[in-house]
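Engineer: I'd like to ask some things about the structure below.
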Amino acid sequence: MPALFGVDRVRKSLMGKKVVVLLLIPALALIFIFLILPGLWVLKIGMTNETLTGAKARNPDFVGFENYAKVLSDRFFYNALRVTLLFVLGSAIVGQAGLGLSLALLTYRKRKLRSFVQSVVILAWIIPEVVVAYLWIAFLDKDYGTLNMLLSVLGLRKVNWFYEYPLPTIITFNIWRGTAYSMLLFSAALETIPPSYLETADVIGVSAWRKFKDIIFPNIKSYILTDLILITLWTFNVFTPYLLTGGGPSFRTELLSIYIYRTAFRYFKLGYGASIATIALLINFALAMFYLSLSRRKKA
């Protein structure tokens, strides 16, 4: 009888695994169709000299890793990579994550205030990107922008924001645009902390910093890491700043995504643009692996 029970247990375990595999097949099929196949297609094009127009658009030549060698010696690529890393650092890691966490903490256990603030930040998040971009252009216009009109009323000089401070401008724009996700995630994370922890800390007179350091942060650090993974990858690939600056002036806001677009669809170098996109994909993969390794270390 014990042997029969053992066989039955093994059979149920195998059946359960088969059910799990069957349930995963549709998701894996979608990932293969929409992620893996396009990635392989881009990798293939990156090894050719294909263009959007001309003779090479119809009959491209296979050039192997020649495009990748050119990219690694291209100063415009390194400029775009530097600008992108600064943009990600300022906009996502410091800006969105930091501001989102601050807003979540300030509105924690204040339901009416939290509802109001969440409504405002979500509104900035759900408005179409093109609309948001033109609203910011109207807000920051050198001659008739709302901000410069306010500065002139105060007796201060008007500033050409897109020329004098192009990178801080698009960083600020992206922080304003994307803070909602971080705030919502951290607000939900704070709700998982047992209220008795903070109530006990209040009774014994613990400072706000000690409450954050010893109670709040240890309970939400996994959520912080999840937020950093997602917003880093999203921000690394964002294209919306192109609507504000077009990558200028003098390539000072040319993100990697804008550089790929300019190379492939304005200069018609499709193969070369695909090789840049492949390198960007590998950088994204490396960033994801870095964050996941941090997550595993913390669990260990």
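Engineer: Filter region 99-110 down to the residues that are assigned to a helix (DSSP H, G or I) and under 16 Å from Trp209 (Cβ atoms) and list them by number.
Structural biologist: Within region 99-110, Leu101, Ser102, Leu105, Leu106 meet the criteria.
Engineer: Something else now. So in region 203-224, with the set limited to residues that are aromatic (Phe, Trp, Tyr) and without any contact (Cβ under 8 Å) to a residue 60 or more places away in the chain, which one is nearest to Gln96 (Cα to Cα)?
Structural biologist: Tyr223
Engineer: For region 73-96, give me each residue that is aliphatic (A, V, I, L, M) and under 11 Å from the mean Cα position of the chain (by Cα). It would help to see each step written out before you state the result.
Structural biologist: Kept after step one, since they are aliphatic (A, V, I, L, M), are these residues of region 73-96: 80-81, 83, 85-86, 88-89, 92-94.
If the condition is that a residue be aliphatic (A, V, I, L, M) and under 11 Å from the mean Cα position of the chain (by Cα), then Val88, Leu89, Ala92, Ile93 are the ones that fit.
Engineer: Mind listing whichever residues of region 36-58 are of a type in the set (Lys, Arg) and surrounded by 14 or more Cβ atoms within 10 Å (Cβ to Cβ)?
Structural biologist: To start, the set of residues in region 36-58 that are of a type in the set (Lys, Arg) comprises 44, 56, 58.
Listed by number, the residues that qualify are Lys44, Lys56.
Engineer: Next question. Can you tell me which of (1) more than 30 Å from Asn79 (Cβ to Cβ); (2) exposed (fewer than 15 other Cβ atoms within 10 Å of the Cβ); (3) of a type outside the set (A, V, I, L, M); (4) in contact (Cβ under 8 Å) with a residue 24 or more places away in the chain is the one Gln118 doesn't meet?
Structural biologist: The number of the failed condition is (2).
Engineer: Additional query: Please work out which residue is nearest to Arg262 (Cα to Cα), limiting yourself to region 24-63 and to residues that are part of a loop (DSSP other than H, G, I, E, B) and either modelled with pLDDT of 90 or more or touching a Pro at 6+ places or on another chain (Cβ under 9 Å) (or both).
Structural biologist: Thr51
Engineer: What helices (runs of 4 or more DSSP H) lie completely within region 211-282 and have 2 or more residues being farther than 29 Å from Lys142 by Cβ?
Structural biologist: Qualifying helices (runs of 4 or more DSSP H): 217-236.
Engineer: Right, here's the next one. Count, please, the residues in region 190-210 that happen to be part of a helix (DSSP H, G or I) and either in contact with a strand residue (DSSP E or B) (Cβ under 9 Å, 6 or more places away or on another chain) or not hydroxyl-bearing (Ser, Thr, Tyr) (or both).
Structural biologist: Within region 190-210, residues that are part of a helix (DSSP H, G or I) and either in contact with a strand residue (DSSP E or B) (Cβ under 9 Å, 6 or more places away or on another chain) or not hydroxyl-bearing (Ser, Thr, Tyr) (or both) number 10.
One line per residue, one yes/no per condition, for (1) within 21 Å of the chain's Cα centre (by Cα); (2) under 23 Å from Gly95 (Cα atoms):
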| residue | (1), (2) |
| --- | --- |
| Pro166 | yes, yes |
| Arg177 | yes, yes |
| Ile193 | no, no |
| Ser207 | no, no |
| Lys213 | no, yes |
| Phe217 | no, yes |
| Leu230 | yes, yes |
| Phe239 | yes, yes |
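Engineer: Moving to a separate point now. Return yes when Val94 is in a helix (DSSP H, G or I), without any contact (Cβ under 8 Å) to a residue 12 or more places away in the chain and closer than 22 Å to Ala286 by Cα and no when it is not.
Structural biologist: It is true that Val94 is in a helix (DSSP H, G or I), without any contact (Cβ under 8 Å) to a residue 12 or more places away in the chain and closer than 22 Å to Ala286 by Cα.
Engineer: For region 97-115, enumerate the residues that are closer than 30 Å to Ala280 by Cβ and surrounded by fewer than 19 Cβ atoms within 10 Å (Cβ to Cβ).
Structural biologist: Hits for region 97-115 are Gly98, Leu99.
The values are calculated or read from the model by the stated rules, or taken from the named source; none is laboratory data. Keep in mind the model is a prediction, meaning the values are calculated, not measured. Methodologically, a virtual Cβ is constructed for each residue, glycine included, from the backbone with ideal geometry; neighbour enumeration extends over all protein chains shown.
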